[in-house]
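Read the structure below first, then the notes.
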Amino acid sequence: MLEDIKKDTKIRMRKSLDALRNELKKIRTGRAHPSLLEHVQVDYYGSQVPISQAANVKVEDARTLAVTPFDKSMTGTIEKAIMTSDLGLNPTSAGEVIRIPLPPLTEERRRDLGRVVHQEGENAKIAIRNIRRDANTSLKELEKEKEISEDEERRGETEVQQITDQMVSEVDTIVAEKEKELLEI
């Protein structure tokens with residue numbers, strides 16, 4: 001039972017780390033990367049689909065993305081979807097290809113993005129602590145029902161805390177890497 005709780009705790013905390021990584025991918029660093037457009041939804045013949053299902057997104061150079069729609073008649077719709085997204089990008093259509101130049105980040109914008117990265121890191125830490133609380137509650141219930149001893153409960157709580165500390169340090173590492181990436185010019 002203790003092993004099941006620890007295993008479940010690790011799995012749930014890893015998912016929190018994955019969610020943090022996915023959120024940080026959306027934060028623009030100044031370099032072009034196809035994942036920048038992953039969350040952009042396009043109205044594709046009446047249904048909302050991710051841009052990757054309606055077009056091919058590739059990096060043209062360090063500061064330009066090229067989007068090639070699978071259906072040429074969708075060029076205007078895809079361009080509009082990119083414009084109305086919360087990314088602040090201005091795509092230009094060149095026939096069948098939509099080019100998206102990424103403006104250089106100002107120092108102020110880099111600091112703002114740094115704060116956003118920090119906030120995402122804090123959210124991940126909160127999620128990890130909530131998972132720790134759930135695991136400790138499960139341990140207390142097992143001890144209350146006399147399925148494990150007090151010593152086993154304390155040992156389980158100690159091990160859950162070690163897992164939590166490890167995951168929190170991973171969050172700090174991920175956040176520090178993203179901040180370093182944001183400050184690169």
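Please give the helix 75-84 orientation as an angle from the longest Cα principal axis of the chain, in degrees from 0 to 90, rounded to the nearest 10. Helix 75-84 and the main axis of the chain meet at about 50 degrees. In this simple spin-label model, placing a label point 7 Å from the Cα along the Cα-to-Cβ direction at both residue 70 and residue 11 gives a separation of 3.2 nm.
Over the chain, what relative contact order in percent results from Cα pairs under 8 Å that are six or more residues apart? 25 percent. For residue 55, the residues 5 or more places off, or on other chains, whose built amide H falls under 5 Å of its own are 70.
With respect to the chain, whose longest principal axis is taken over its alpha-carbon atoms, helix 107-144 is tilted by about 30°.
Here the chain has an Rg and Dmax of 22.2, 72 Å, counting Cα atoms alone. Using only side-chain charges placed at the Cβ, +1 for Lys and Arg and -1 for Asp and Glu, the dipole size of region 21-85 relative to its Cα centre rounds to 260 debye. Distance between the C-alpha centres of region 130-185 and region 80-124: 33 Å, rounded to the whole angstrom.
Rounded to the nearest 10 degrees, the angle from helix 2-25 to the longest Cα principal axis of the chain is 20 degrees. Annotation: amide H-H contacts under 5 Å for residue 65 (H modelled 1.01 Å from N, sequence separation of 5 or more, or interchain): 60, 100, 102.
Hey, what number do you get for the chain at 222 nm if only DSSP H runs of n ≥ 4 count, each worth -39500 (n - 2.57), divided across all residues, to the nearest 500? Rounded to the nearest 500, the figure is -20500 deg cm²/dmol.
None of the figures in this text is laboratory data; all of them are computed from the coordinates on show. All values reported here derive from a predicted model rather than from experimental measurement. Glycine gets a Cβ as well: all are built from the backbone with ideal geometry, and neighbour counts include every protein chain shown.
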